Amino acid sequence: MKFNANPRQLLLLFCFFLCLIPLQAQEETAIIRGSVKNQAGESLVASRVYLEGTDFGAMSDEKGFFEIQGVTAGSYRLAVSRIGSESYVQEIVVSAGQTLRLKVRLTGKDVEMDEVEIEGETQSSLLEKQGFSVEAIDTRQLQIQSIDINRVLDRTAGVRVRRSGGMGSDFIYSLNGMTGNAIRFFIDGVPMDYFGSSYSINNFPTTLLERVEIYKGVVPVSLGSDALGGVVNLVTDQTVYNFLEASYSFGSFNTHQAVVSGQWKAPNSGLTTRLSAFYNYSDNDYGVWGRGVTYATPETGFRPIEFTEEDPAIRFNDDFRTANAKVDIGFTNQSWADQIFVGAVISDLDRGIQHGQTMGTVFGDIRYTENFLMPFLTYRKEDLGIKGLNTDFFLSLAMKEGINTDTSTNRYDWRGEVININSNGGELSGNQSRFTLFEDAYVGRWNTTYELSPRHKLGMNFTYNNIQRDGEDDFAAWFRIPLVEPQSLQTLFGGLSLESNWLQERLTTNAFVKYYGYEAAVNEDVLIAIDGVQQTISRTIENQKNTWGGGLAAAFKVSPNILLKLSAEQATRLPSATEALGDGITIWNNPFIQPEQSFNVNLGTVLGPFDNGVHSFKVSVLGFYRDTKDQLLFTVLDNRGNGAFINIAQTEGKGVELDFNYSFRDFIEFTANATYLDIRNNQSFDILTNQPNIVYRDRLRNTPYLMANAGFRFRFEDVVQEGSRLFAYLQSGYVHEYFLGWPSLGSQDQKNKIPTQLVFDAGVGYTFPSQRFSIGLDLSNALNEQVYDNFLLQKPGRAVFGKLTYRILSDN
């Protein structure tokens, strides 16, 4: 299926859907803000605080704070409740424009006014107490900052985000030694790769998020994924209330980011409309210098001369632009459905390609554009037919058209000057090409749970993905033949789990089994003689794999402040479409690619939080082991940086991570973490050469192994104006040097390596008393360090960004 969409059409569609949200100017609203503590002054989490008869409500966070926004003036009954405690109700009166402050305290079932307190846990806290190695990051306080999600997660223990450049650039995640596509990305439990390139984690704005969940190594059945190394799940705010919010940020390298999100629910029918749209643009014209960034002139005898920090080269064909809109129309809070939506995602992307997988060859005219359309249906219902049966499903058809234009006859150097003319054209391959890739993806995902008893819950998941590809090339480039002919990829995942609690809920277990199915039809080049003339044709290679896996996750509460966690899994990760079928640009297809398989074990302990009302701290330690076969790694195969994903027969990895968190009176927070990895080539015999493997037990190439982060966060209220908030942070990140190639090969002084890096970021944000308007200022790479990632790809230097956020809140 093929379609065309340009930016003007996208803008018209966006305006049309915006008109579906009839939000009118609302009267001035109020805010209810407070804290939940026990009689000893200790902060309590996950208290449910709400206004009876309305949809206004909130849960107290890990610091005991709660906030209910957008409350219209009037009298209400404020209720606080938890399972096992008596509900508490208090009459309150709020005035327009008021910020009502409450202190809530509850002791057992004896309630006293002024302050009500309830013991409980937030969703983030509950997740972290599962047997899985999972961490939940609350992103709400970062929503007013110009910080992309990759930067947020790069500060997390065990996580390393490696980017090839600035905004819109390629990226690779590493979670506890597993890397690349072994890590899967979700949004509200639905895989993000269904939503097109624009809707990826490096473009998704933090403004739309409530929290981020990071599963390391072992992944629960409920996510329905073949992730081998872990999962990153972006969770948006699912609360049903009327609102409209807009933000805009501007900064270095002519970077612009605009976000609009809104929701409207009809008072009686439950008809609900949601909109989220964002626009990102950057010239990405930052300075680069050093190795690989060179020029040559007749005056230098055509010897390569490196640019310097004092006189850097400026990236000149690396601009990036994307526009994206997602609209949902359906019903919420009905007897037959908690949520049912039909919707669509539409996006448009345009970017320059500055270089391949290395900076050794620079491009000046290559462009990539992409149009994407995905209609979808989602459904969610708790207690479907019988109590305890919860289900949700997702159906979609994703249609993508990507065009890679490489027709220029020019050859450039890092000055942006034409240094040569190639009459055959084509900077990337030496032949002109305007390749259009058509991809249709049919996706079905079903997830359900059933409470067999108060102690046991059964979970099931089924996910099917069918990708069909073909293409066309206006110049009939021979090297595009395998990509022009039809290719396909089908994956199937099925999972069954049993979650149980024992010993009066001190021990929780989750046992699961998983099925993986993979079938691909991938083309390869074949050189044959036809009538005495050598010609390249394409032939199709059928490749399929079916396998089973399973595991167990367990957590034991030794005491209220000591938790032991263990998880183990035999897992399989199926090749992605890009790994098997290529991307039509710099990644070639691989007809013989095999799924990765790994035995993963995590063992850890969580100490805390220990909180006396003034000081609070928590320490977690995690050790892990990975035995991986057929690990998929990208390998550069020519001097232009083109390459393919290939299987490394066997690797073994182990490591440890330490995470520390301390806060003082909820005003100052200090966090620090460190990760050490020991990932080795564990293939003793090279089956291709029939010889002993000369890099056996080498540390894995191009993989960082020692990382650390530390930072301070400051939160203050009533700064300059009563009811205002001030947030500030200072963050540092450290990566120890590591080799690009195998450490045992070559002489020590001639090996390519990524140098040790220490980077500092800082920022400040201010929210005005009305809570509607916020401003943020962020400084990244404050010392302008030369920062590298994969294959010596240099990332941006010092950059400054400002952000404005305006919220319109309405009643329900």
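The values are calculated or read from the model by the stated rules, or taken from the named source; none is laboratory data. These numbers come from a predicted model, not from an experiment. For neighbour counting, all protein chains shown are included, and Cβ atoms are generated from backbone atoms with ideal geometry for every residue, glycine included. When the accessible area is computed, the model is the full protein with side chains, heavy atoms only, and any ligands, DNA or RNA have been set aside. Shrake-Rupley method; radii C 1.70, N 1.55, O 1.52, S 1.80 Å.
Straight-line reach from K400: which aspartates and glutamates have Cα under 15 Å away, leaving out those fewer than 8 places along the same chain?
Those aspartates and glutamates meeting the cut-off are D193, D348, D350, E370, E439, D440, D470, E472, D583.
State to the nearest 20 debye the size of the charge dipole of the chain about its Cα centre, where the only charges are +1 on K and R beta carbons and -1 on D and E beta carbons. Each step should come with its number before you reach the end.
Values: 70 positive and 94 negative charges, 208 e Å.
Roughly 1000 debye for the chain.
What full-extension length gain, to one decimal in nm, is calculated for R455 and A258 as 0.36 nm per residue of separation minus the Cα-Cα distance? List each step's numbers first, then the result.
Details: separation 197, 0.36 × 197 = 70.92 nm, distance 4.66 nm.
Contour length minus Cα-Cα distance gives 66.3 nm.
Cross-link partners among aspartates and glutamates for K103, C-alpha distance below 13 Å, same-chain residues fewer than 8 apart left out?
Reachable aspartates and glutamates: E42, E67, E112, D114, E115, E117.
Which percent, to the nearest 5, of DSSP beta bridges fully inside segment 581-664 are antiparallel? The partial results should precede the final answer.
Values: 34 of 36 bridges.
The antiparallel proportion sits near 95 percent.
With unit charges on the beta carbons (Lys and Arg positive, Asp and Glu negative) and the dipole taken about the Cα centre of the chain, which residue among T578, T72, F372 sits farthest to the positive side?
T72
With +1 on each Lys and Arg Cβ and -1 on each Asp and Glu Cβ, and nothing else charged, work out how big the dipole of segment 739-808 is about its Cα centre, in Debye to the nearest 20. Don't jump to the answer; show the numbers that get you there.
Numbers: 7 positive and 5 negative charges, 59 e Å.
That gives a dipole near 280 debye.
If you count, for each residue, the other Cβ atoms within 10 Å and average over each peptide, how do 29-36, 563-570 line up from highest to lowest? Provide the component values of the computation, followed by the final result.
Values: 29-36: 22.4, 563-570: 20.1.
By packing density, highest mean first, the sequence is 29-36, 563-570.
What list of ³J(HN,Hα) values in whole Hz, one per residue of segment 252-267 in order, does the Karplus curve 6.51 cos²θ - 1.76 cosθ + 1.60 (θ = phi - 60°) give from phi, with Gly and Pro shown as x?
Karplus-based 3J(HN,Hα) across segment 252-267 equals 3, 6, 6, 9, 10, 9, 10, 9, 10, 9, x, 8, 9, 10, 5, x Hz.
Over 31 Å between Cα atoms: which of K265/K514; K216/K457; K381/K803 fall into that group?
Values: K265/K514 39 Å; K216/K457 23 Å; K381/K803 38 Å.
Among K265/K514; K216/K457; K381/K803, the Cα-Cα distance tops 31 Å for K265/K514; K381/K803.
I'm spelling it out carefully: the read-out is Rg/Rh (Cα atoms, Kirkwood Rh), the candidates are (1) 1.33; (2) 0.96; (3) 1.00, and one was derived from this structure. Which label?
Label of the calculated value: (2).
How about segment 311-341: which chymotrypsin sites (Phe, Trp or Tyr not before Pro) there are in a DSSP loop, with at most 12 other Cβ atoms within 10 Å of their Cβ?
Values: sites: F316, F320, F331, W336, F341; in loops: F316, W336.
In loop regions of segment 311-341 (DSSP not H, G, I, E or B), the sparsely surrounded chymotrypsin sites (Phe, Trp or Tyr not before Pro) are W336.
Leaving ligands, DNA and RNA out of it, report the carbon-plus-sulfur percent of the accessible area of segment 161-241 at a 1.4 Å probe. Walk me through the intermediate numbers first.
Details: 750 of 1550 Å².
Here it works out to 48 percent.
Quick one: which of 364-373, 150-159, 572-581, 408-417 comes out on top by average Cβ neighbours within 10 Å, and what's the full order, highest first? Mind dumping the intermediate values first?
Numbers: 364-373: 19.7, 150-159: 21.7, 572-581: 24.1, 408-417: 17.4.
The densest-packed peptide leads the list: 572-581, 150-159, 364-373, 408-417.
How much length is gained on full extension from Q90 to V614, taking 0.36 nm per residue of separation minus their Cα-Cα distance? Please report the intermediate quantities before stating the final value.
On the way: separation 524, 0.36 × 524 = 188.64 nm, distance 2.82 nm.
Contour length minus the Cα-Cα distance gives 185.8 nm.
Could you sort I314, I183 by their accessible area in this structure, using a 1.4 Å probe and putting the largest first? Mind dumping the intermediate values first?
Values: I314 85, I183 5 Å².
Order by accessible area, largest first: I314, I183.
How much accessible area per residue does the chain have, counting only protein heavy atoms and a probe of 1.4 Å, in square angstrom? Can you show the working numbers first?
On the way: 34070 Å² over 812 residues.
It amounts to 42 Å² per residue over the chain.
Provide the solvent-accessible area of F599, counting protein heavy atoms only and rolling a 1.4 Å probe, rounded to the nearest 10 Å².
Here the residue's solvent-accessible area equals roughly 80 Å².
Considering the options V719, N661, T651, tell which one lies farthest towards the positive end of the dipole of segment 608-740, charges being +1 on Lys and Arg and -1 on Asp and Glu at the Cβ, about the Cα centre.
T651
I want the antiparallel fraction of DSSP beta bridges within the chain, as a percent rounded to 5.
Values: 340 of 354 bridges.
Among the beta bridges of the chain, antiparallel pairing accounts for roughly 95 percent.
Run the 1.4 Å probe and let me know the accessible area of Y450, rounded to the nearest 10 Å².
Around 70 Å² of this residue is reachable by solvent.
Taking the Cα centre as origin and putting +1 on Lys and Arg beta-carbons and -1 on Asp and Glu beta-carbons, what dipole magnitude results for segment 429-511, to the nearest 20 debye? Don't skip to the answer; put the middle values down first.
Values: 7 positive and 10 negative charges, 99 e Å.
For this selection, approximately 480 debye.
Compare D440, D611 by solvent-accessible area with a 1.4 Å probe and give them largest first, with all protein chains kept in place.
Details: D440 15, D611 40 Å².
Heavy-atom accessible area, descending, gives D611, D440.
Can you give the angle from 0 to 90° between the axis of helix 7-19 and the longest principal axis of the chain, with both taken from C-alpha atoms, to the nearest 10?
Helix 7-19 and the main axis of the chain meet at about 10 degrees.
Rank F320, L244, N333 by how far each Cα sits towards the positive end of the charge dipole of the chain (+1 on Lys, Arg Cβ; -1 on Asp, Glu Cβ) and give me just the farthest.
Sorting the options by dipole projection puts first N333.
Under 16 Å Cα-Cα from K545, which aspartates and glutamates qualify once same-chain neighbours fewer than 8 residues away are excluded?
List returned: D226, E519, E579, E596, D630.
Where does each of S684, S169 land when they are ordered by accessible area, with a 1.4 Å probe and the largest first? Each step should come with its number before you reach the end.
Details: S684 70, S169 15 Å².
My answer, sorted largest first, is S684, S169.
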